[in-house]
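Novice: My structure is below; once you've seen it, I'll send some questions.
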Amino acid sequence: MTALPLTALPAGPVRQTLRTHREGPVLTIELNTPELGNTVTDALLDDLLAVLQDQDPAVRVLVLTGSGDDFSLGGDRAEFARHLADDPTGSGIRVSGTKARRVCDALTGNPAVTIARVHGKAIGAGMALALACDLRVGSEDATFRLPELTLGLPTAWGGLLPRLINEVGAARVRELVLTGRAFTAAEAHSLSILQKVVPAHQLDAAVDAWARPIVRRPPAALRVTKTLLNSFSAASRLADVSALDAELMAAVVSEAHHARGG
């Protein structure tokens, strides 16, 4: 397929945190702050949402990946601390959490089929971004971790917990969340966090093997099928209260801050 240029993106943060590439009906979004481990900042969330909202309807497959050694090391702790310093009641954290939910919902509800291409570390919020995608392939050396509890935070980011329980099962998720331990791509595959694991040099080929048949599907049938899959998935988690993620995160952090005499 011949590479097609994207419509020019506005100057500023989009070019600082993301790289985008369009090849026919396939759009690739690359988290592009490798010097920071592609940490999930407010700027990155703003840029992701802007690209997703401006997405060409002709895009049939969207690939989410990361530049450098890691997919994403998760949330930016320094930015988190700044939010708390600016307002100990947690208003900045609420705003950030709301952005996270909107981005993850935009990935899950995207009219295109979304594919997470995971390598290196996928931690916390980074893992949540991958999990929001329809299909997930990881390199054999990829590792995953949910460290929120070890950092004194609830696992409340972008609707991660209900998605994880729906894909993996409550018992296994409970162990991963409460221990905060790292786990391998092989285990992630056994848990259905990844649907495919390949050697690192075969990641692009694995993505292409999924994308090629998908882009040949009739567009209307593809959209309706994805909507049905999402609807049936949502029906199995009627008690999903992840809309409260931002409030829960802000409340816990604010309380801890006050308890330390902050």
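Readers should treat all values here as calculations from the given coordinates under stated rules, not as data from a laboratory. Not measured: the values here are computed from a predicted model. Reconstructed Cβ throughout: ideal geometry from the backbone, glycine too, with neighbour counts over all protein chains shown.
Novice: May I ask you to derive the relative contact order of the stretch 48-168, considering only C-alpha pairs under 8 Å and at least 6 residues apart, and to give it as an integer percent? The partial results should precede the final answer.
Specialist: On the way: 178 pairs, mean separation 35.1, N = 121.
Across the stretch 48-168, relative contact order equals 29 percent.
Novice: Tally the DSSP beta bridges in the stretch 13-261 and give the antiparallel ones as a percent, rounded to 5. Please report the intermediate quantities before stating the final value.
Specialist: Details: 8 of 30 bridges.
Counting DSSP beta bridges with both partners in the stretch 13-261, the antiparallel share is about 25 percent.
Novice: For the stretch 17-86, what does the relative contact order come out to in percent, with C-alpha contacts under 8 Å and a separation of six or more? Before the final figure, lay out the partial values.
Specialist: On the way: 100 pairs, mean separation 27.8, N = 70.
Once divided by the residue count of the stretch 17-86, the mean separation gives 40 percent.
Novice: Kindly write out, for the stretch 152-158 in residue order, the coupling ³J(HN,Hα) from the Karplus curve 6.51 cos²θ - 1.76 cosθ + 1.60 (θ = phi - 60°), rounded to whole Hz, with x marking Gly and Pro.
Specialist: x, 10, x, 7, 9, 8, x
Novice: Then there is this: Determine ³J(HN,Hα), in whole Hz, for all residues of the stretch 140-148 in sequence, where each value follows from phi through the Karplus function 6.51 cos²θ - 1.76 cosθ + 1.60 and θ = phi - 60°; x replaces Gly and Pro.
Specialist: So the J values, rounded to whole Hz, are 4, 8, 5, 10, 10, 6, 10, x, 3.
Novice: Could you rank the peptides 114-123, 201-210 by their average count of other C-beta atoms within 10 Å per residue, with the highest value first? Each step should come with its number before you reach the end.
Specialist: Values: 114-123: 25.3, 201-210: 15.8.
The densest-packed peptide leads the list: 114-123, 201-210.
Novice: If you take the charge dipole of the stretch 13-261 about its Cα centre, with +1 on Lys and Arg Cβ and -1 on Asp and Glu Cβ, which of Leu129, Pro25, Thr41 is farthest toward its positive end?
Specialist: Pro25
Novice: If you average the sequence gap of Cα pairs under 8 Å that are 6 or more apart and divide by the length of the stretch 13-261, what percent do you get for the contact order? Each step should come with its number before you reach the end.
Specialist: Working: 458 pairs, mean separation 50.1, N = 249.
Reported as a whole number, the value is 20 percent.
Novice: If the chain between Ala170 and Asp141 were fully stretched, how many nm would it gain, using 0.36 nm times the residue separation less the Cα-Cα distance?
Specialist: Details: separation 29, 0.36 × 29 = 10.44 nm, distance 2.56 nm.
Here the answer is 7.9 nm.
Novice: Please compute the modelled spin-label separation between Ala50 and Ser67, points set 7 Å along Cα→Cβ, answer in nm with one decimal.
Specialist: Roughly 1.6 nm, to one decimal.
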